[in-house]
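*Asks:* Just passing along the structure, written as structure tokens.
Throughout, read-outs are computed from the coordinates displayed, never taken from laboratory work. Treat the numbers as computed from the prediction; the structure is a model and nothing was measured. Here the Cβ is made from the backbone with ideal geometry for all residues, glycine too, and neighbour counts use every protein chain on show.
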Amino acid sequence: MNRDLKIAIENTTDKAKNKEIKQRGTTKRQFNALFGFNKEAQSECSSYGKEIEQLDPIEGQLKNLHDAQIEIWNGSLDEQKVIDLMRMEKVVSREILRSGITRPEKITLESGIVGVFKRANNDHSVKGRYNAEIAAYEIDKLLELRMVPLTIEREIANEKGSFEKGSFQLWVDNLITPTKPSGKLPDDIRFFDLLISNPDRLYDCNCGLLSKKPKKYVLYDNARAFYLPNQDEMPLWPQRLPLPSPSILEKAQQINMEMLNQIQSLPPEQKQSFLERRDVLIKAIEDQSRSKGCRSLLSKCWS
């Protein structure tokens, strides 16, 4: 998106323009796109304005999108429409969260969308990287796990007015902290963390329960995922390896390099490492399964 256009969309609040917007029946973003900017910006956003029309029913009802992620999971809100808003809407408030070594910020947008923004400038080789947050969400989608909140890359202005890129993940409110130790989380979660090489949840839960009946987990703060360089350093989990549900296992086995190449936030070397780690992990689970007398990974040999 053109930088002039982005600044214009975030900063236009003139009363006269608002009056014109009302008379023309257009949204503020459409008006900003079509008037007062260079031809490149106008052309670039005229098509975007048509897409925004699809969002008007939501905005016209003054629908507060504070719980956007829950509504996406429930199927009552289109994910792509939320992505468009997350990328383009004006920031109306922010606060630096005390927890988190990468200095995450809680950001609220015009529509009520709330998310956590982690700046690329705060990346650390050990403490975490913003692009790992995005990649973890993309792997969650491939597995159809539906536990990692929607996460995109976006630029947000810092205190000096300069735009900085980072990960922007939807906030999920009112989570219940699990009472069980991290090592006893459901097998699908433990399998996912081993798959993406995320040791963080072993020591710090970084998850919450959205509901207890049925249990719905939310996995946030995946900045340390894709960290370990090779299989010899795969984090060890206590007692046993996880046995994922058949659907998650099948989706994991289907992931190939072509799919991973669609994940731009995942470095090339980590894509190959992911596939190697997946194969080693599934073989280790198969060996463990056979040692317990299981005929296949689709048979539960333990509770």
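*Asks:* Starting from the 7 Å offset along Cα-to-Cβ, what nm value, one decimal, do you get for the label separation of Asn261 and Ser93?
*Replies:* 4.6 nm
*Asks:* Next question, about the same structure. Are any of the pairs Lys81/Lys118; Lys216/Lys283; Lys106/Lys165; Lys81/Lys141 more than 26 Å apart by Cα-Cα distance, and if so, which? Don't skip to the answer; put the middle values down first.
*Replies:* On the way: Lys81/Lys118 22 Å; Lys216/Lys283 28 Å; Lys106/Lys165 15 Å; Lys81/Lys141 17 Å.
Long pairs (Cα-Cα over 26 Å): Lys216/Lys283.
*Asks:* Go through Leu185, Ile285, Tyr203 and say which Cα lies farthest out towards the positive end of the charge dipole of region 182-291; charges sit on Cβ, +1 for Lys and Arg, -1 for Asp and Glu.
*Replies:* Leu185
*Asks:* Let me ask you something else. Give the relative contact order (percent, whole number) for region 182-291; include only Cα pairs under 8 Å separated by 6+ residues. Mind dumping the intermediate values first?
*Replies:* Values: 99 pairs, mean separation 32.2, N = 110.
Relative contact order for region 182-291 comes out at 29 percent.
*Asks:* Taking the alpha carbon gyration tensor of region 182-291, what are the square roots of 5 times its eigenvalues, largest first, to the nearest whole Å? It would help to have the intermediate numbers written out before the result.
*Replies:* Numbers: eigenvalues 91, 62, 43 Å².
Ellipsoid semi-axes (Å, largest first): 21, 18, 15.
*Asks:* Give me Thr179, Thr151, Thr108 sorted ascending by neighbouring Cβ count inside 10 Å, so fewest comes first.
*Replies:* Listed from fewest to most nearby Cβ atoms, that is Thr179, Thr108, Thr151.
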